[in-house]
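Structure first, then comments.
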Amino acid sequence: MDLNQIKQQFISRLSEIKDEKSLIDLEIEFLGRKGKLTEILRSLFSLDLVEKKRLGLAANELKEWVNNELKTKNHEIRMQKWGRIAETEKLDINDPKFKIENLKLKIDSGHIHPISNMIFKIERIFEEMGYEVVDSNEIETDYYNFTAVGTPPDHPARDDHDTFYIKDLGDLYKKNLLLRTQTTAMQVRYMQKNKPPIKIIIPGKVYRRDDDATHSPMFHQFECLVVGENITLGELKRAISDAMKKLLGENTNIRFRNSYFPFVEPGLEVDVTCSICGGKGCNVCKNTGWVELLGAGMVHPDVLRAGGIDSEKYSGFAFGAGIERLIMMKHSIPSLKLLYENDIRFLNQF
Ligand SMILES: [Zn+2]
């Protein structure tokens, strides 16, 4: 078959085409890997130089022409199709017979991400208990994130390997800025601007140089701070117990253990029954049946003083928890990473 025959055949075939599918078939028939025109172009190799040049030029011109014809036809077909749709599926919302229910639309509505959802839920529960939700900054100074809340100068948490420092921003930022590693950073900032009684909750993002199966470099915490006259350890335990039962269910078992955090004295760690295994022991709870959920304690007098509060007259308690961990316990999710992968099959389950 010579080039002219191919061209004539293409013209006659193209005139019969009415839909996108047969147009694609036609393209394959002529320009595909084993297409008629492709075969000709491939056979050029065996020809002598003069013949190769003559036929090659003509074949390439034809190929370009065929391509343009295909594009034009494609445009025509699409315009006809949209024209038909506009004609048959037009809506007149002023027509008295028009009913929205008759529209054949399937609308998949999204929903709030489980992390945001948990934050809203925590805020609601604590607001009901009389707490005020406080906004806070994610970029902090070394002073508020570490020094003011009792972290010693040589503490490993202050290391470059653990904390994201923001450096080299010029003279304006010589105060050693960092991405806060804990919502505790807001405690002293708030106390400096507000007098007791204080009853606040600080939710938000925190950052640490940690990225493995069980850690994410960015995660969420919330922090509660209560300061007033005669605030006791008993009230702290009561507040935690009430909040966790509202959050995780009435049957949640809670236990308190002695612990140490630089900004509280005494310090407590709070465990709840592992919801993944129901207390029998699994990977998540390291076979203990308990999961550590909160750090807590009575506010250290030094922290009160840093906040400009008379530590002889006032006392307070504070506690905080990782929000991802709460979600894992509430919904029995074995890995924190699932919350960040944006897999719609996972997110649809909430
Ligand atoms: Zn477990």
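The values are calculated or read from the model by the stated rules, or taken from the named source; none is laboratory data. These figures come from a predicted structure and were not determined experimentally. With ideal geometry, Cβ positions are generated from the backbone for all residues, glycine too; neighbour counts draw on all protein chains shown. Only protein heavy atoms, including side chains, enter the accessible area calculation; ligands, DNA and RNA are left aside. Shrake-Rupley method; radii C 1.70, N 1.55, O 1.52, S 1.80 Å.
Between residue 61 and residue 18, what's the calculated FRET efficiency when r is the beta-carbon distance and R0 is 35 Å? Round to 0.05.
0.80
Among 307, 234, 56, determine the one that fluctuates most according to a GNM of the chain built with springs between C-alpha atoms less than 10 Å apart.
Looking only at 307, 234, 56, the largest GNM fluctuation is found for 56.
Taking H placed 1.01 Å from N in the peptide plane, check which residues at least 5 places from residue 294 or on another chain put their amide H under 5 Å from its amide H.
270
Using a 1.4 angstrom probe with every protein chain in place, what is the largest-first accessible-area order of 3, 49?
Of 3, 49, the descending order of accessible area is 49, 3.
Got a number for carbon plus sulfur as a percent of segment 114-347's accessible area, 1.4 Å probe?
After summing per-atom areas, the C and S share lands at 49 percent.
Which value, in Å², gives the accessible area per residue of the chain when a 1.4 Å probe is used on the protein heavy atoms?
That works out to 61 Å² per residue.
Take the solvent-accessible surface of the protein heavy atoms, probe 1.4 Å, and return the percent of it on segment 1-89 that carbon and sulfur atoms account for.
Of the solvent-accessible surface of segment 1-89, carbon and sulfur hold 55 percent.
For residue 206, list long-range residues whose amide hydrogen, built 1.01 Å from N in the peptide plane, is under 5 Å from its own amide hydrogen.
219, 220, 221
Across the chain, where is the longest run that never hits GluC sites (Glu not before Pro) in a DSSP loop with at most 14 other C-beta atoms within 10 Å?
Longest run free of exposed loop sites: 139-228.
Quick check: with the 1.4 Å probe, what order do 65, 82 take by accessible area, largest first?
Sorted descending by solvent-accessible area, the residues read 82, 65.
So what are the chain's ellipsoid semi-axes, whole angstrom, largest first, if each one is the square root of 5 times an eigenvalue of the alpha-carbon gyration tensor?
Its equivalent ellipsoid spans semi-axes of 68, 28, 21 Å.
With a ≥ b ≥ c taken as the square roots of the eigenvalues of the C-alpha gyration tensor of segment 153-296, please select rounded if a/c is under 1.5 and otherwise prolate if a/b is larger than b/c or oblate if it is not?
Oblate shape, in that a/c is at least 1.5 and b/c is the bigger or equal ratio.
Top mean-square fluctuation among 180, 78, 124, Gaussian network model of the chain, C-alpha springs under 10 Å?
Comparing 180, 78, 124 in a Gaussian network model of the chain, the most mobile one is 78.
Membrane-span-like helices in the chain: DSSP H runs reaching 18 Å or more (Cα, own axis), mean Kyte hydropathy at least 0.0?
114-128, 233-248
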